[in-house]
Amino acid sequence: MLLAWMGAVLIGLALGMLGSGGSILTVPVLVYLVGEPEKLAIAESLAIVGLIALVGAIPYALRNLVDWKSGVVFGMPGVIGTYAGAWLSQFVSGSVQIVVFAVVMILAALVMAGAKGLSAAPRPPRAVWKTGLEGLMVGVTSGLVGVGGGFLIVPALVLLGGLSMHLAIGTSLLIIGLNSASGFYKYLHLLPQQGYAVHWDIVLLFAALGVAGSFLGGRIAAGIPQLSLRRGFAGFLVLMGAFILWQNLPKVLHG
């Protein structure tokens, strides 16, 4: 379990250093270091990510760095989408979910590696329906594979919502917390039907270690160029995604 605890701290470090993307490590850590089944890991990931995000959103809210209007426009469709994604999960195997997760992980790496185009300055907002549709799509993905989606939410809030980067990160944390709560609520009803029970000790321990790691990560990141951090982390995500595909794609193709 020592490796698992170190993995939980790594999740928080990545979140604190990058502002998004760190939560995508939660499912691999739970599956490969804790040894949990894919479906249970995806459900617990939503609880862990949601708790870390909500705690992380508090300092932003206290500094007025949460855009509540965008939180509603993007977040409400996301809540519906996450619930729908969790509902859809009962119709696919854990192997299919983890393969989709690996694809999302590689997509996250590409988005993060190309994030240099996002400036700190606000942009003109685009049509509300585009922002809401993006929120819905991110929500479905979050519910189905257990990721927070910050790597997609932050660029969407900047490019579609017209927010500055600081506002986008704070608002993203709020949205991730709401989305995760919605998806996890649905999983709480589905897991007993599939023979699983949530390990609350793991959820709370990982959330606590993740929160501590995120504060430490924020301090470490101050002296490191963000572009270098993002590209290095993106390379790690590609390798991890390729490993997961190598492990699970044959099960899907031959299953």
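The values are calculated or read from the model by the stated rules, or taken from the named source; none is laboratory data. Everything numeric in this text was worked out from a predicted model, so none of it was measured. Heads up, the Cβs are rebuilt from the backbone with ideal geometry, glycines too, and the neighbour counts pull from every protein chain shown. Just the protein is used for accessible areas: all its heavy atoms, side chains included, with ligands, DNA and RNA removed. Shrake-Rupley method; radii C 1.70, N 1.55, O 1.52, S 1.80 Å.
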Could you look through the range 142-196, keep only residues that are outside any helix (DSSP H, G or I) and touching a Leu at 6+ places or on another chain (Cβ under 6 Å), and pick out the one that is surrounded by the most Cβ atoms within 10 Å (Cβ to Cβ)? GLY146
Please tell me if GLY235 is in contact with a Gly (Cβ under 9 Å, 6 or more places away or on another chain), among the small types (Gly, Ala, Ser), in contact (Cβ under 8 Å) with a residue 40 or more places away in the chain and open to solvent by 30 Å² or more (accessible area, probe 1.4 Å). no
Using the structure shown, decide if LEU62 is farther than 19 Å from PHE233 by Cβ, modelled with pLDDT of 90 or more, under 18 Å from the mean Cα position of the chain (by Cα) and not small (Gly, Ala, Ser). no
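Between ALA53, ALA61, which is open to solvent by less than 10 Å² (accessible area, probe 1.4 Å), of a type in the set (A, V, I, L, M) and out of contact with any His (no Cβ under 6 Å at 6 or more places or on another chain)?
Going through ALA53, ALA61 in turn, the sole match is ALA53.
Would you point out the residue of the range 206-220, among those that are among the aliphatic types (A, V, I, L, M) and touching a residue at least 40 places away in the same chain (Cβ under 8 Å), that is surrounded by the fewest Cβ atoms within 10 Å (Cβ to Cβ)?
So the first thing to find is which residues in the range 206-220 are among the aliphatic types (A, V, I, L, M), and the list is 207-209, 211-212, 216, 220.
After this cut, where a residue has to be touching a residue at least 40 places away in the same chain (Cβ under 8 Å) as well, the list is 207, 209, 211-212, 216, 220.
On the way: ALA207: 24, LEU209: 21, VAL211: 21, ALA212: 16, LEU216: 15, ILE220: 13.
Of everything passing the filter in the range 206-220, ILE220 is surrounded by the fewest Cβ atoms within 10 Å (Cβ to Cβ).
Looking at the range 119-136, which of the residues that are surrounded by 17 or more Cβ atoms within 10 Å (Cβ to Cβ) and not β-branched (Val, Ile, Thr) is modelled with the highest pLDDT? Steps first, please.
Step one: list which residues in the range 119-136 are surrounded by 17 or more Cβ atoms within 10 Å (Cβ to Cβ), which gives 125, 131-132, 134-136.
From what's left, not β-branched (Val, Ile, Thr): 125, 132, 134-136.
Numbers: PRO125: 62, GLY132: 83, GLU134: 84, GLY135: 87, LEU136: 92.
Here the residue is LEU136.
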Which numbered condition in (1) more than 14 Å from PRO28 (Cβ to Cβ); (2) polar (S, T, N, Q); (3) crowded, with 18+ Cβ neighbours inside 10 Å is the only one that ASN248 fails? (1)
So, GLY223, is that one free of Cβ contacts under 8 Å to residues at least 12 places away in the same chain, over 23 Å from PHE101 (Cα atoms) and either among the aromatic types (Phe, Trp, Tyr) or open to solvent by 50 Å² or more (accessible area, probe 1.4 Å) (or both) or not? yes
Condition check for GLY183: under 20 Å from GLY143 (Cα atoms) and in contact with a Ser or Thr (Cβ under 7 Å, 6 or more places away or on another chain): yes
Condition met for LEU88 (open to solvent by 50 Å² or more (accessible area, probe 1.4 Å) and either touching a residue at least 60 places away in the same chain (Cβ under 8 Å) or within 16 Å of the chain's Cα centre (by Cα) (or both)): no
